[in-house]
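The values are calculated or read from the model by the stated rules, or taken from the named source; none is laboratory data. None of the values given here were measured: they were computed from a predicted structure. Backbone-built Cβ (ideal geometry, glycine too); neighbour counts: all protein chains shown. Protein only, heavy atoms only, side chains kept; ligands, DNA and RNA dropped before computing areas. Shrake-Rupley method; radii C 1.70, N 1.55, O 1.52, S 1.80 Å.
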Amino acid sequence: MDSLPNIRASYRRLSPLYDVLEGAIFHSGRKDAVALANKRAHQRILDVGVGTGLALPLYRRDAWVVGIDASPEMLKRAKTRVRRKRLPNVAALLEMDAMNMAFADRSFDAVVAMHVASVVSDPIKLISEMKRVCVPGGDIVVVNHFASSGGPLRMIEQACRPFAEVIGFRPEVRLMHLADGARLQIVQVRRVNLGGYWRLIHFRNTAPADPARLGA
Ligand SMILES: C[S@@+](CC[C@H](N)C(=O)[O-])C[C@H]1O[C@@H](n2cnc3c(N)ncnc32)[C@H](O)[C@@H]1O
């Protein structure tokens with residue numbers, strides 16, 4: 001994917017069908033990610049690329065939840081969901097670029113991005129912004145598809161690359177590239193969704209230990 005106008009155009013087209021196409025199949029990943037953000041009471045939680053708000057009913061009621069998205073049409077659906085499901089813990093749904101957020105540093109206790117890293121043009125910029133707006137020691141949770149290391153799946157992913165616009169995501173984001181670029185402590189990596197083809201990465205907003213200092 002590339003520029004914000006292109007992303008907005010794609011999701012304007014996709015928004016009426018999104019819940020049918022990508023609702024149930026990705027729901028287990030959403031549940032696992034939100035469970036990590038829900039661990040502590042009274043947290044300020046940011047849902048980055050909130051889409052139509054499919055995860056919003058999963059957040060605990062004592063949380064203070066903000067969602068951002070680049071697509072007005074996706075946000076409109078999220079707002080309808082909040083009204084219909086009566087979710088008083090959702091404080092705001094804002095149109096904003098996840099790679100250039102308007103929030104002050106350390107505004108949130110937990111920051112979650114589900115199925116977004118392969119949609120944005122620069123996943124490292126996305127994760128650095130998530131890190132910036134998260135408190136030190138806070139939880140950063142990413143659910144995404146990552147490039148397979150080899151075999152037929154890798155060949156299919158490479159063949160899909162020219163069609164990223166149509167399928168709505170780039171299939172070749174590399175897990176280690178994202179993890180190294182993030183310079184965050186990885187708490188766990190777990191397989192989720194559709195037989196484990198997607199991964200959940202739970203980061204803690206703490207710099208990873210420097211192997212040189214540890215004498216490694
Ligand atoms: C595949 S959907 C995921 C939606 C939701 N997180 C879910 O799990 O259903 C990707 C979402 O990311 C949003 N998005 C893409 N690029 C963005 C950006 N730079 N800033 C904010 N949102 C963005 C899209 O508009 C879309 O709603």
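Before moving on, here are some points about what is shown:
- Taking the criterion of being among the basic types (Lys, Arg) and open to solvent by less than 30 Å² (accessible area, probe 1.4 Å), the only residue of segment 72-98 that qualifies is ARG81.
- Being surrounded by fewer than 19 Cβ atoms within 10 Å (Cβ to Cβ) and more than 14 Å from the ligand (Cβ to nearest atom) is not true of PRO5.
- Some residue of segment 2-22 being at positive phi and touching a residue at least 40 places away in the same chain (Cβ under 8 Å): no
- Members of segment 99-124 found to be open to solvent by 50 Å² or more (accessible area, probe 1.4 Å) and at pLDDT 95 or above, listed by number: ASN100, ALA102, ALA104, ASP105, ARG106
- Looking across segment 70-85, the residues that are in contact with a helix residue (DSSP H, G or I) (Cβ under 9 Å, 6 or more places away or on another chain), within 19 Å of LEU21 (Cα to Cα) and free of Cβ contacts under 8 Å to residues at least 40 places away in the same chain come down to ALA78, ARG81.
- Filter pass, LYS31 being surrounded by fewer than 16 Cβ atoms within 10 Å (Cβ to Cβ) and under 17 Å from VAL142 (Cβ atoms): yes
- So GLY53, is it on the phi > 0 side of the Ramachandran plot and either among the charged types (D, E, K, R) or touching a helix residue (DSSP H, G or I) at 6+ places or on another chain (Cβ under 7 Å) (or both): yes
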